[in-house]
Amino acid sequence: MANFLNIGFGNFINADKIVAMITPDSAPAKRLVQKAKEESTIIDATQGRRTRAVIITEQGGVVLSSLLPDTLSGRMKDV
């Protein structure tokens, strides 16, 4: 049974497939997001708001969320 995590604005992701949640402020995170955009492996779930978390999945996909990683971590404990 898949456990889904609410990443904001009615968007959900399979919590079992998450490898990492990081802030987008560092240079390596920015490079990761840029590479994912170029390869079309990115999902932008920010609804036009500022990106506050970059979620990396098992298959190498990148998901952008407007919620802080701390908030998402707290929601994972409830899943």
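The values are calculated or read from the model by the stated rules, or taken from the named source; none is laboratory data. A quick note: this is a predicted structure, and the numbers were derived from the prediction, not measured. Note that we place each Cβ from the backbone using ideal geometry, even for glycine, and neighbour counts take in every protein chain shown. These accessible areas exclude ligands, DNA and RNA; they are computed on the full protein's heavy atoms, side chains included. Shrake-Rupley method; radii C 1.70, N 1.55, O 1.52, S 1.80 Å.
For segment 13-41, residues that are of a type in the set (A, V, I, L, M) and within 21 Å of Asn3 (Cα to Cα) total 7.
Within segment 10-44, the only residue that satisfies the criterion of being closer than 19 Å to Thr71 by Cα, assigned to a helix (DSSP H, G or I), open to solvent by 60 Å² or more (accessible area, probe 1.4 Å) and without any contact (Cβ under 8 Å) to a residue 40 or more places away in the chain is Asp16.
If I filter segment 45-53 for residues that are surrounded by 16 or more Cβ atoms within 10 Å (Cβ to Cβ), at pLDDT 95 or above, within 21 Å of Met76 (Cα to Cα) and aliphatic (A, V, I, L, M), do I get at least one hit? Scanning segment 45-53, I find at least one residue that is surrounded by 16 or more Cβ atoms within 10 Å (Cβ to Cβ), at pLDDT 95 or above, within 21 Å of Met76 (Cα to Cα) and aliphatic (A, V, I, L, M), so the answer is yes. Looking only at residues in segment 54-67 that are over 10 Å from the mean Cα position of the chain (by Cα) and touching a residue at least 24 places away in the same chain (Cβ under 8 Å), the one that is most open to solvent (accessible area, probe 1.4 Å) is Gln59. Somewhere in segment 2-9, is a residue without any contact (Cβ under 8 Å) to a residue 12 or more places away in the chain, part of a loop (DSSP other than H, G, I, E, B) and at positive phi? No, that holds for no residue.
Of all residues in segment 1-44, those satisfying the criterion of being closer than 26 Å to Asp78 by Cβ, among the polar types (S, T, N, Q) and at pLDDT 95 or above are Asn6, Asn11, Asn14, Thr23.
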